[in-house]
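Derivation of every value follows stated rules applied to the coordinates shown; laboratory data play no part. Everything quoted here is computed from the prediction, not taken from an experiment. Note that we place each Cβ from the backbone using ideal geometry, even for glycine, and neighbour counts take in every protein chain shown.
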Amino acid sequence: MNLQIQPEAASERAVEHDQLFFFITALTIFFTVVVGGILLFLAVKYRCTNSKVDRSNAPYHNTRLEVAWSVIPLLLAMLVFFWSTKQFISLTNAPKDATDIFVIGKQWMWHVQHANGIRENNEMHVPVGRPIRLTMISQDVIHAFYIPEFRLQWQVVPGRYTQMWFTPTKPGRYHIFCAMHCGAQHSEMGGYVYVLPQAEFQQWVENGGNRFQPQPKTMAEAGKQIWDKYACGSCHGPKDNERGPSLYALFNSKRKLKNGVEVVADADYIRDSIYNPAARMTAGYENTMSPYTKEQISEEQMLNVIEYIKTLGIAPSAPSGTTPTTPDPLTLRTSNEGDMTR
Ligand SMILES: [Cu+2]
């Protein structure tokens with residue numbers, strides 16, 4: 001009989017995750033047996049009042065024993081705490097050379113975009129052995145992107161980008177699930193990630209993936225189309241003008257707002273400023289820009305627009321090759337609270 005306790009471990013993260021998981025399991029079993037065994041032994045030994053056991057001079061306490069049963073579990077708990085915290089933090093800290101893939105969740109499917117313009121539905125093709133960073137957002141309700149074989153799961157929420165990364169280690173096909181109950185057809189919201197050997201992945205890219213359009217456009221090119229369609233450049237030119245501030249070399253730079261606060265112009269800031277310009281006006285400007293709705297610019301198109309704005313220049317402080325959407329979930333949450341009510 002082939003009894004499988006865990007799904008296959010197909011990412012770097014999975015190996016460390018499993019070590020921690022089995023360590024906690026072993027600890028639990030060990031202490032259950034020790035405490036249960038002592039309990040059982042004492043219960044049997046002293047089971048009735050007339051058993052011939054000396055009950056006089058029962059000890060009230062034993063300092064060495066008490067220190068031991070306090071300090072040893074404390075140390076073990078701290079070990080589990082630091083070990084799991086390390087893994088938790090590493091989930092959002094992608095290496096600089098990670099390849100970006102963008103994921104959009106909607107009832108009830110996963111939409112995937114690669115920077116080279118390849119788009120996929122309910123499928124994600126990745127090369128083996130390369131770090132992949134996912135930037136995710138939902139178009140409607142809260143979802144969660146979950147690949148058990150990679151031990152990878154994070155919430156995909158409306159109103160802000162979330163990120164996580166992984167390095168797949170074994171070519172193969174692995175299930176994608178939505179791990180957040182998101183409506184009637186939640187259970188059908190799934191798909192597959194295909195981990196391909198490098199050469200095969202290159203071939204897949206050259207063939208244009210499983211195309212929805214014959215000639216792939218890069219995300220930035222698709223973003224420029226939207227930029228042109230809404231004539232964004234008429235107010236946001238190469239230089240600041242009286243209608244609007246320039247967006248050249250905006251990405252990742254510091255912006256002074258009307259209310260005196262200074263913010264970093266990251267992906268969330270740009271997205272917010274298009275869907276809800278009034279919320280964070282740039283210092284020196286009146287609120288003359290009308291907000292864009294998701295019917296006009298969908299979440300999918302928004303990612304393209306942001307990629308295009310990056311091509312207008314990234315502030316020098318930007319670490320090369322990264323998408324500096326603030327990885328700290330707390331900062332993001334406070335900066336986007338208005339979104340849910342829009
Ligand atoms: Cu879902």
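Once the Cβ-Cβ distance of ASN2 and HIS175 is raised to the sixth power relative to R0 = 22 Å, the FRET efficiency obtained is 0.75.
Between ASN241 and ALA278, the modelled labels are 2.6 nm apart [label points 7 Å from Cα along Cα→Cβ].
Are there chymotrypsin sites (Phe, Trp or Tyr not before Pro) in the range 1-108 that DSSP puts in a loop and that have at most 16 other Cβ atoms within 10 Å, and which ones? Provide the component values of the computation, followed by the final result.
On the way: sites: PHE21, PHE22, PHE23, PHE30, PHE31, PHE41, TYR46, TYR60, TRP69, PHE81, PHE82, TRP83, PHE88, PHE102, TRP108; in loops: TYR46, TYR60, TRP108.
Within the range 1-108, the qualifying chymotrypsin sites (Phe, Trp or Tyr not before Pro) (loop, at most 16 other Cβ atoms within 10 Å) are TYR46, TYR60.
Over all pairs of different C-alpha atoms, the range 1-42 has a mean inverse distance whose reciprocal, the Kirkwood radius, equals 12.4 Å.
Here is the tail figure for the chain: Cα pairs spaced more than 31 Å apart come to 46 percent of all pairs.
Overall, the range 166-301 carries a charge dipole of about 180 debye about its Cα centre when +1 sits on the Cβ of Lys and Arg and -1 on the Cβ of Asp and Glu, all other atoms neutral.
For the listed residue pairs LYS96/LYS254; LYS86/LYS170; LYS96/LYS170; LYS86/LYS256; LYS229/LYS310; LYS106/LYS258, the alpha carbons are over 29 angstrom apart in LYS86/LYS256; LYS106/LYS258. For the chain, the longest principal axis of the Cα atoms and the long axis of helix 219-229 meet at an angle of about 50 degrees.
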